[in-house]
Amino acid sequence: MSILSLIIRREYVARVRNKSFLIMTFLSPLIAVGMISLISYLTQLNGEDKRTVVIVDDSRLFDTVFVNTDQTTYLDLTKEGMETAKKLAKDESYYGLIYINKDVKTSDNALTFYGDESPSYDFITDIEKKIEKKLENERLIAQGIDLVILENAKASVSLNVENFSGEQSSKMSNWVKAAFGGGAGYLLMMFIIIYGNMVMRSVIEEKTNRIIEVIISSVKPFQLMLGKILGTTLAGITQFVIWVLIGSILLVVLSSIFGIDPSAASEVNPLSSQVKDISSDPSLVVEILEEIKKLPLLQLVIGFFIYFVGGYFLYSSIYAAIGAAVDNETDTQQFMLPIIMPLMLAIYVGFFSVIDNPHGTVATIFSIIPLTSPIVMLMRIPFDVPGWQIAISVTLLILSFVGTVWFGSKIYRVGILMYGKKPTYKEIFKWLKY
Amino acid sequence: MTALLEAVEISKRFGEFTALNNVSISVPKGSIFGLLGPNGAGKTTLIRIINQITMPDQGNVTLDGAPLEQHHIQDIGYMPEERGLYKSMKVGEQVLYLAQLKGLDKKEASKRAKYWFDKLDIGDWWNKKIQELSKGQAQKIQFIVTIMHQPKLLIFDEPFSGFDPINANLIKDEILQLREEGATIIFSTHRMESVEELCDHIALINKSQKILDGEINAIKRQYQNNTFDIGVKVTDEVAYKSFLGDLSNTYNVSKAQFKTLGNEEKLRIEMGSKGSPNELLSKFKLFGQVSHFVEVIPSVNDIFIQTVNQNK
């Protein structure tokens, strides 16, 4: 067996046999599913909360506006007068009282809500809308405009987007692309942070165990570093696969037992909140599937592979170098910034700039810079990126990966044998010349 | 005798700091070579260069006549000063893994591992983890890991630190046995007295320079100056006193430090080139019973201190 595969195997076995790895692997899907179920259950519970709102309408304009819903019961106490209504609302601890002044048509200041708790944003908006609508209608009627005619005159259009070779796309297709790209980018970031850290810890562990000198007298630092990254990656993939399997089994089981709609859980994530509406509508599901079929799937898979692997390797070699430079995990804090910053930047640029304008200057530039390109380009690929941009970006990524590994193994060679010194950036720069 | 390992004019700097300055050593085949010097002299740096852990700025190293290359790691067994093993890995797996990294195939590795585990009487540790063993026990594993691939050259940095006397002797015997079987051994230590009687060649390193090297007995002969420790039970006090006065005029006489059971008079006499030990002994016989008469051979430690002082 070659030296590299020996190292990979040892790293893999060491990771996978580790107790905390086992616990993380089998417990976190349980915890995640538990949390999701709990949150969706609580959301349902919260939604079922009934409230009674007292109305005192001195203008007498809004009799028909406040209609009871599942959630809200309106209690019109206009006749009983403000004082009685207030007392009742307080004694019965109703949600609140809405007072409408009789000058509501002319005054901007004619609406008041009384209540011990401040009302939710949704509630305020809802009430304001209702009253605005009614006032508008009143004014239109006062101007002699027939509301039925107005309603019939309303138009609704939707823009068909088509490229010059005849492929159609739509808002929905853009949404699907953004979801694909965003999901891939987010996944990569999580993967880098979790497993990059694991690589770093494994380097530090060898240093603190003082076995490093024995190992390094048998293998090259480059081999050891590569073996660690690959072994940890395999362990990471194993963990991911187990998570996906357990997670989906649990979700299916839970949703059949408790009747919780699994898609309701996605409400937790604001980004995919639309999924809920979509999944409840079969025609939309079909449309989404159609859109997915239209995506450049081959390009996506290849791109995903290249950028995922390239980006992950780039970052984990930085993690490994950091591990080699320090004595213990507490000392790593000062070096975390160069890793977290570009990752965060990439995610923000991805979610704000790419989804807004996939081929804008900002998105293009960040998809070419090596440290951000894996995430940003992953998000852009579904939107058809020109070949030359991908070529430049991949070339730069590969070059900087090679550069970082060289840089990393240089630090590694010196750093792994340095004990007791808390390194600074200056110190590490000096090591490069050793 | 041909040299197994030859390091020629090695220099190594770390930034401003010079770790090794033009150091050359030649380790004869089949010898036990002592690389001696105080802490921070550059011993470990030299050993790391031999192990290809760091690269020298200048100079070159040859093993068996060939310049060092990656495959030579299989010919070297190295026990670093900082002993270490994977704490949470099972002993057996760990030994096999490290042996395989040194190029043994798995079958051969497990055969040899079994042999050594039986020989050192630790067979039942196979499935234990290092963290369950004591420090001394872990050292035995470390020793096995170092020698298992039967390297031509064995390098021990601070060989006996961490071993209790019984285990230190056990390991010493094993090392001597390996030498019998043809291995060449380098001991590197700052505790010079601990390896003195084992080495047949030494190199003294101080402040990144080699200050002395060669065959140990030749060096000692060079530094011997006809000095004797004598213990005598005096019977004729008066005559002895006047004799002592004469003696002090001729030779350098001082109080000697050695243990006897009685309360003998103990002297150290540096005769230099004047007179012979026989003459001296016959004179002392006249004043009482001589119970102790030994030539003082300079220890490596003495030689080291003397050389450092001379070079100042």
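The table below lists the values:
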| item | result |
| --- | --- |
| Tilt relative to chain A, helix A:82-91 - C-alpha long axis, 0 to 90 degrees, to 10 | 40 |
| Spin-label pair B:L244/A:V13, simplified geometry with 7 Å Cα→Cβ offset, distance in nm | 7.2 |
| 15 Å reach of a label modelled at A:V241, 7 Å along Cα-to-Cβ, counting backbone N of region A:6-22 | A:12-13, A:16 |
| Intensity falloff of the protein assembly as shown expressed as log10 I(q)/I(0), Debye formula with alpha-carbon point scatterers, at q = 0.08, 0.09, 0.10, 0.11 Å⁻¹ | -0.87, -0.99, -1.12, -1.23 |
| Chain A: angle of helix A:19-47 to the longest principal axis, Cα-based, in degrees nearest 10 | 10 |
| Neighbourhood charge, 11 Å Cβ-Cβ cut-off, centred on B:L267 and excluding it, Lys, Arg +1 and Asp, Glu -1 | -1 |
| Kirkwood Rh, Cα atoms: Rg over Rh of region A:1-73 | 1.58 |
| FRET efficiency estimate (nearest 0.05) - Cβ-Cβ, B:D64 to B:D105, R0 25 angstrom | 0.60 |
| Kirkwood-based Rg to Rh ratio, region B:116-266, C-alpha trace | 1.17 |
| Relative packing of peptides A:399-406, A:186-193 - highest average C-beta neighbours within 10 Å first | A:186-193, A:399-406 |
| Point-charge dipole on Cβ atoms (K/R +1, D/E -1) for chain B, about Cα centre, debye to 20 | 520 |
| Two-decimal ratio, region B:97-138, of alpha-carbon radius of gyration to 2.2 N^0.38 Å | 1.23 |
| Nitroxide proxy distance, nm - points 7 Å out along Cα→Cβ at A:L88 and A:L38 | 4.1 |
| Nitroxide proxy distance, nm - points 7 Å out along Cα→Cβ at B:V234 and B:N21 | 5.0 |
| Gyration tensor (Cα) of chain A, equivalent ellipsoid semi-axes in angstrom | 57, 28, 22 |
| Cβ neighbours within 10 Å from other chains - mean over A:217-224 | 5 |
| Highest-MSF residue in chain A out of A:L27, A:L345, A:L150 [GNM, Cα springs under 10 Å] | A:L150 |
| Nearest-20 debye value, region A:1-143 charge dipole, Cβ charges on Lys, Arg, Asp, Glu | 1200 |
| Per-residue mean of C-beta atoms belonging to partner chains within 10 Å, peptide B:71-84 | 4 |
| At R0 = 60 Å, FRET efficiency that the Cβ-Cβ distance of A:L298 and B:E132 yields, to 0.05 | 0.65 |
| Over chain B, equivalent-ellipsoid semi-axes from the Cα gyration tensor in Å | 46, 25, 16 |
| Inter-chain shielding of A:202-209 (mean C-beta neighbours from other protein chains, 10 Å cut-off) | 2 |
| Gained length - A:N357 relative to A:F164, 0.36 nm times residue gap less alpha-carbon distance | 67.5 nm |
| Radius of gyration, Dmax [region A:1-133; alpha carbons; angstrom] | 28.2, 92 |
| Relative pair counts by distance (%), Cα atoms of region B:225-296, 5 Å bins | 3, 16, 30, 29, 16, 4, 0 |
| Selection from A:L22, B:W125, B:I219 lying farthest towards where the dipole of the protein assembly as shown points positive, charges on Cβ | B:I219 |
| Computed FRET value (nearest 0.05) for A:V402 with A:E290, which takes r as the C-beta separation and R₀ as 41 Å | 0.50 |
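Only the coordinates and a few stated rules stand behind these numbers; no lab work does. Since the structure is predicted, the reported quantities are computational estimates derived from the model, not experimental observations. Positions of Cβ are generated from backbone atoms using ideal geometry, with glycine treated the same way; all protein chains shown enter the neighbour counts.
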